[in-house]
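Below is one structure, written out as structure tokens, with a few remarks after it.
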Amino acid sequence: MKKSLLRPNRSASHPKNSAPTTAPQRYARRLARMAAILERWSGVAFPLPAGGFYLWAEAGDAWGFTERLAAEGGALVSPGDFYGARGARHVRVAVVQPDDRIEAMGRRLGVS
């Protein structure tokens, strides 16, 4: 009998014998962690979304925020005006990186 090619998806931060997490659980955890890091670093509130994997926040100078985050944290985010006039003064963060990269960004920003 052949071994299955499908294996439970386990995050790098969980021990080998822990239960696998579902994609919604992983994204919820990552969104909460990313929001906490960015809030602590910037003082800007990052409300958690009801669904999806994007954080949106009113950051004032969105272009300045994105440049500063890239320079200090090594993370690329989008100024909200990429998505229309209503997005101006906002930033959009796609939380699609694995846990270890989110934590590395937090360390670079000095908040982890």
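Readers should treat all values here as calculations from the given coordinates under stated rules, not as data from a laboratory. Source: prediction; values computed, not measured. Counting neighbours? That spans all protein chains shown, and the Cβs are built from the backbone with ideal geometry, glycine included.
Each Lys or Arg adds one and each Asp or Glu subtracts one; over the other residues with Cβ under 12 Å from the Cβ of Ile102, this totals +4.
Amide H contacts for Ala59 (H built 1.01 Å from N in the peptide plane; partners 5 or more residues away or on another chain; cut-off under 5 Å): His90, Val91. Backbone geometry of segment 29-40 corresponds, through the Karplus equation with coefficients 6.51, -1.76 and 1.60 at θ = phi - 60°, to 3J(HN,Hα) couplings of 5, 5, 4, 4, 5, 4, 4, 4, 5, 5, 5, 5 Hz, x marking Gly and Pro. For segment 23-109, the gyration tensor built on C-alpha atoms gives an oblate shape. Its axis ratio a/c (a ≥ b ≥ c) is at least 1.5, and a/b is not larger than b/c.
Just to confirm a number: summing +1 for Lys and Arg and -1 for Asp and Glu over residues other than Gly74 whose beta-carbon lies under 11 angstrom from that of Gly74, what do you get?
That sum, taken over residues with Cβ under 11 Å, equals +2.
Positive-end ranking of Gly84, Leu55, Gly74 along the dipole of segment 23-109, with charges on Cβ about the Cα centre, is headed by Leu55.
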